[in-house]
Amino acid sequence: MTTRLSLFNSPFLLGFDQFERTLDRIAKSANEGYPPYNIEQIGEDRLRITLAVAGFTAEDLAVQMEDNQLVIRGKQADDKSRVYLHRGIAARQFQRSFVLAEGIEVENAHLDNGLLHVDLRRPIPEPKVRTIKIATPSNGADGQGPQTIDVAPEGKS
């Protein structure tokens, strides 16, 4: 049995289980090479994912949000009327997934000259500062002052 080393096993990192599962999912899909894609920043708060989908029509493609994942699928109907002497252009189905950070929104998707562009908007968060009141014995956590609890030894009441 192999034990997997994780960066999130630290007692100082609480509640990162979902994040760790997301990283595992990303690592598994990182080996996929088809179709090739680019990710570019096209503005201060905007991103664009571009996939090379030559030969696919808009009807052959699907762009969906599944929780925090952008999933792009492509599937072409097999044209039985064509007889190929050589077939070097890939026409296989594919699925490409991108995990999006919280708050990123898909603005639109458009197909242009064999490239599928998916535009994303990343809102710029406003800094938030919150002061937490510290309870002391004089003000008590519930405002009633300090309290004591009597505990009897086990087996004795």
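Filtering Ala91, Ala62, Ala141 for residues that are at pLDDT 95 or above and surrounded by 11 or more Cβ atoms within 10 Å (Cβ to Cβ) leaves a single hit, Ala62. In contact with a helix residue (DSSP H, G or I) (Cβ under 6 Å, 6 or more places away or on another chain), modelled with pLDDT of 90 or more and among the hydrophobic types (A, V, I, L, M, F, W, C), is that true of Leu111? Yes.
Among the listed residues Val106, Val99, identify the single one that is surrounded by 10 or more Cβ atoms within 10 Å (Cβ to Cβ), farther than 15 Å from Val53 by Cα and either hydroxyl-bearing (Ser, Thr, Tyr) or modelled with pLDDT of 90 or more (or both).
Going through Val106, Val99 in turn, the sole match is Val106.
Among the residues of segment 39-51, those identified as in contact with a strand residue (DSSP E or B) (Cβ under 7 Å, 6 or more places away or on another chain) and exposed (fewer than 15 other Cβ atoms within 10 Å of the Cβ) are Ile39, Glu40, Gln41, Ile42, Asp45, Arg46. Among the residues of segment 36-59, those identified as modelled with pLDDT of 90 or more and over 27 Å from Pro123 (Cβ atoms) are Pro36, Ala52, Val53, Phe56, Thr57, Ala58, Glu59. Condition (residue is without any contact (Cβ under 8 Å) to a residue 60 or more places away in the chain, surrounded by 11 or more Cβ atoms within 10 Å (Cβ to Cβ) and within 30 Å of Pro35 (Cβ to Cβ)) applied to segment 117-124: is it met by at least one residue? Looking through segment 117-124, none of the residues is without any contact (Cβ under 8 Å) to a residue 60 or more places away in the chain, surrounded by 11 or more Cβ atoms within 10 Å (Cβ to Cβ) and within 30 Å of Pro35 (Cβ to Cβ). Inspect segment 51-69 for any residue being closer than 18 Å to Asn108 by Cα, part of a strand (DSSP E or B) and in contact (Cβ under 8 Å) with a residue 60 or more places away in the chain and give the result as yes or no. There is at least one residue in segment 51-69 that is closer than 18 Å to Asn108 by Cα, part of a strand (DSSP E or B) and in contact (Cβ under 8 Å) with a residue 60 or more places away in the chain.
The set of residues from segment 70-90 being among the β-branched types (Val, Ile, Thr), in a loop (DSSP other than H, G, I, E, B) and in contact (Cβ under 8 Å) with a residue 24 or more places away in the chain comprises just one member, Ile89.
The values are calculated or read from the model by the stated rules, or taken from the named source; none is laboratory data. In this text, all values refer to a predicted model and were calculated from it rather than measured experimentally. Cβ coordinates were reconstructed from backbone atoms using ideal geometry, including for glycine residues, and neighbour counts include every protein chain displayed.
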